[in-house]
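Below is one structure, written out as structure tokens, with a few remarks after it.
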Amino acid sequence: MTATEYPTYWTTVDSPLGPLLLTAAPDGALTSLSVPGQKGGRTVQDDWRHDPGPFRAAEEQLAAYFAAELKEFRLPLRAEGTAFRERVWDALDTVPYGATTTYGEIAARIGASRPAVRAVGGAVGANPLLVLRPCHRVIGADGSLTGYAGGLERKTRLLVLEGALPLPPSSL
């Protein structure tokens, strides 16, 4: 089933990252989570149906996550992409809370060649489920914080929340 075969439901949820736009299929599986100004993020379409009902569990779990009370989301996710992207996204789901990994490590996990690291980066950047599918936990091989569709400030905030980065001096 493709996204065009079923109606898209949507709602917004307040968060420390700004209002989150969530979309879901009729069965409640989340199909995207976007932040304001996100590169490639979704925007509400005329044929979408606004209904907060399918998002109650997501709203509760996101609130617990941002309160540092939840380390693993237990929500139905349905992201559609190429087979390669879906393998990369599945690998993202294995990166634990509070940890980071590199694009090269993700490539190795899915059995991709070393030259495929750039393609892995593209797949990570195309992740339609920010926060829920932890692409923010992927960093450069040298430890640098590299691109994040939601912006590096948000990536930093998420990694600090999870304890993967120390609090910046300006927060002390």
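The values are calculated or read from the model by the stated rules, or taken from the named source; none is laboratory data. Predicted, not measured: the structure shown is a model, and the values here were computed from it. Cβ atoms come from the backbone with ideal geometry, glycine included; neighbour counts cover every protein chain shown. Just the protein is used for accessible areas: all its heavy atoms, side chains included, with ligands, DNA and RNA removed. Shrake-Rupley method; radii C 1.70, N 1.55, O 1.52, S 1.80 Å.
Considered as a group, the residues in segment 79-92 that are surrounded by 14 or more Cβ atoms within 10 Å (Cβ to Cβ) and at pLDDT 95 or above include one that is farthest from ARG137 (Cα to Cα), and that residue is PHE84. For segment 67-78, filtering for residues that are open to solvent by 60 Å² or more (accessible area, probe 1.4 Å) and more than 13 Å from the chain's Cα centre (by Cα) leaves 4.
Scanning segment 13-59 for residues that are open to solvent by 60 Å² or more (accessible area, probe 1.4 Å) and closer than 19 Å to GLY151 by Cα turns up ASP14, PRO16, PRO19, GLY37, LYS39, GLY40, ARG42, THR43. For the structure I just gave you, tell me whether LEU33 is touching a residue at least 60 places away in the same chain (Cβ under 8 Å), closer than 22 Å to VAL160 by Cβ and in contact with a helix residue (DSSP H, G or I) (Cβ under 6 Å, 6 or more places away or on another chain). Considered against the rule, which asks whether it is touching a residue at least 60 places away in the same chain (Cβ under 8 Å), closer than 22 Å to VAL160 by Cβ and in contact with a helix residue (DSSP H, G or I) (Cβ under 6 Å, 6 or more places away or on another chain), LEU33 comes out as no.
Taken over segment 104-121, residues that are out of contact with any Phe, Trp or Tyr (no Cβ under 6 Å at 6 or more places or on another chain), open to solvent by less than 40 Å² (accessible area, probe 1.4 Å) and in a helix (DSSP H, G or I) amount to 4.
Only one of ARG42, ARG74, ARG49, ARG78 is among the basic types (Lys, Arg) and free of Cβ contacts under 8 Å to residues at least 24 places away in the same chain; which? None of the others qualify; the one that does is ARG74.
Listed here are the residues, each with its yes/no results for (1) among the polar types (S, T, N, Q); (2) not in a loop (DSSP other than H, G, I, E, B).
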| residue | (1), (2) |
| --- | --- |
| GLY18 | no, no |
| THR31 | yes, yes |
| GLY40 | no, no |
| ALA58 | no, yes |
| LEU70 | no, no |
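The sole residue among ALA64, ALA57, ALA3, ALA99 that is modelled with pLDDT of 95 or more, more than 13 Å from the chain's Cα centre (by Cα), hydrophobic (A, V, I, L, M, F, W, C) and farther than 21 Å from ARG137 by Cβ is ALA57.
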